[in-house]
1. Quick one: is Gly55 open to solvent by less than 60 Å² (accessible area, probe 1.4 Å), of a type outside the set (Lys, Arg) and at pLDDT below 95?
2. Considering only residues that are closer than 19 Å to Thr73 by Cα, hydroxyl-bearing (Ser, Thr, Tyr), assigned to a loop (DSSP other than H, G, I, E, B) and in contact (Cβ under 8 Å) with a residue 24 or more places away in the chain, which ones fall in region 4-28?
3. The conditions are (1) touching a residue at least 40 places away in the same chain (Cβ under 8 Å); (2) assigned to a strand (DSSP E or B), and Ser84 fails exactly one of them. Which is it?
4. Would a scan of region 62-77 turn up a residue that is in a loop (DSSP other than H, G, I, E, B), open to solvent by 40 Å² or more (accessible area, probe 1.4 Å) and either touching a strand residue (DSSP E or B) at 6+ places or on another chain (Cβ under 6 Å) or closer than 16 Å to Ser7 by Cα (or both)?
5. Among (1) of a type in the set (S, T, N, Q); (2) without any contact (Cβ under 8 Å) to a residue 60 or more places away in the chain; (3) in a strand (DSSP E or B), there is one condition Gln110 misses while meeting the rest; what is its number?
6. Please work out which residue is farthest from the chain's Cα centre (by Cα), limiting yourself to region 31-49 and to residues that are within 19 Å of Gly9 (Cβ to Cβ) and open to solvent by less than 40 Å² (accessible area, probe 1.4 Å).
7. How about region 78-115: which of its residues are open to solvent by less than 40 Å² (accessible area, probe 1.4 Å), among the small types (Gly, Ala, Ser) and under 15 Å from Gly9 (Cα atoms)?
8. Within region 29-42, how many residues are closer than 19 Å to Lys74 by Cβ, not in a loop (DSSP other than H, G, I, E, B) and not aliphatic (A, V, I, L, M)?
Amino acid sequence: QVQLVESGGGLVQPGGSLRLSCAASLSLFSVYAMGWYRQAPGKQRELVAGIASGGRTNYPDSVKGRFTVSRDTKKKTLYLQMDSLKPEDTAIYYCNAQWGNYDHWGQGTQVTVSS
């Protein structure tokens, strides 16, 4: 049974940093395209960082230069370093893994940016 378990969320002041982790129980972790999505109340889920199996990354303009996604194949873990956080970054953050017809999601971790 595939599991993606996020951790690292919490409450942080504007301008602060958080590092999210996603531990994946995927037997072929290295072949999956991985990503972080977020969903704020009343809004659609959106991609905030993607990383291909080969390591290429992509970010929307809203987080470019502030968020950094990385993956550790040996630990089967996906990371999201979030710096210069803003109140509009407040959302539930989800880990995603995609390969062919496989599309797995974690349960999400809450990130709240507030003073």
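The values are calculated or read from the model by the stated rules, or taken from the named source; none is laboratory data. Small disclaimer: the values here were computed from a predicted structure and weren't measured. Every residue, glycine among them, receives a Cβ derived from its backbone with ideal geometry; neighbour counts consider all protein chains shown. The accessibility values were calculated without ligands, DNA or RNA, using every heavy atom of the protein model including side chains. Shrake-Rupley method; radii C 1.70, N 1.55, O 1.52, S 1.80 Å.
1. Values: open to solvent by less than 60 Å² (accessible area, probe 1.4 Å): yes; of a type outside the set (Lys, Arg): yes; at pLDDT below 95: yes.
When the stated conditions are applied, Gly55 passes them.
2. Selection gives Ser25 alone.
3. Going through the list (1) touching a residue at least 40 places away in the same chain (Cβ under 8 Å); (2) assigned to a strand (DSSP E or B), Ser84 breaks only (2).
4. There is at least one residue in region 62-77 that is in a loop (DSSP other than H, G, I, E, B), open to solvent by 40 Å² or more (accessible area, probe 1.4 Å) and either touching a strand residue (DSSP E or B) at 6+ places or on another chain (Cβ under 6 Å) or closer than 16 Å to Ser7 by Cα (or both).
5. Of the numbered conditions (1) of a type in the set (S, T, N, Q); (2) without any contact (Cβ under 8 Å) to a residue 60 or more places away in the chain; (3) in a strand (DSSP E or B), the odd one out for Gln110 is (2).
6. So the residue we want is Ala40.
7. Across region 78-115, the qualifying residues are Ala91, Gly106, Gly108.
8. So the count comes out to 2.
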